[in-house]
C-alpha cells in the first residue's frame, strides 16, 4: 500500500482507491492491490511461457524427493523469471 501511495500523488492514489467519493478502508485497498498483483503475475507468467517455449521446463521446474515438477503458480514463475532476467520487482514484497 505504501509503495503504491508513494508512486504518484495522494490525489491520484485516492482517485483510484475511492468509491462514490468515499475513501476505501485499508482492507479493501489491500484486496484491490492483491487482485492487481495476481493479474500482473498471470500476464508475466504467460509471457515467460511464450518466451521460453520448449525450454520452459528446464528453467521453471524444481525437484522434490527426486521427482521433477513444473512450476505452475504464476507467482512462483514470476519470481524465477525476474531472477533469470535480473529484474528486481518494482512492487517487490521482499520475498524474491
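The values are calculated or read from the model by the stated rules, or taken from the named source; none is laboratory data. The structure displayed is predicted, hence computed values, not measured ones. Note: ideal-geometry Cβ built from the backbone for every residue, glycine included; neighbour counts use all protein chains shown.
Filtering region 6-36 to residues that are assigned to a helix (DSSP H, G or I), touching a helix residue (DSSP H, G or I) at 6+ places or on another chain (Cβ under 7 Å) and more than 25 Å from residue 74 (Cα to Cα) leaves only 13. For region 81-89, the condition holds for no residue, the condition being that it is in contact with a strand residue (DSSP E or B) (Cβ under 9 Å, 6 or more places away or on another chain), closer than 25 Å to residue 33 by Cβ and surrounded by 14 or more Cβ atoms within 10 Å (Cβ to Cβ). Scanning region 67-96 for residues that are at pLDDT 95 or above and in a loop (DSSP other than H, G, I, E, B) gives 71, 72, 73.
Looking only at region 1-42, filter to residues that are exposed (fewer than 12 other Cβ atoms within 10 Å of the Cβ) and under 13 Å from the mean Cα position of the chain (by Cα); which one of those is nearest to residue 85 (Cα to Cα)? Applying the filter and picking the extreme gives 39. Summed over region 51-66, residues that are within 15 Å of residue 82 (Cα to Cα) and part of a helix (DSSP H, G or I) total 4.
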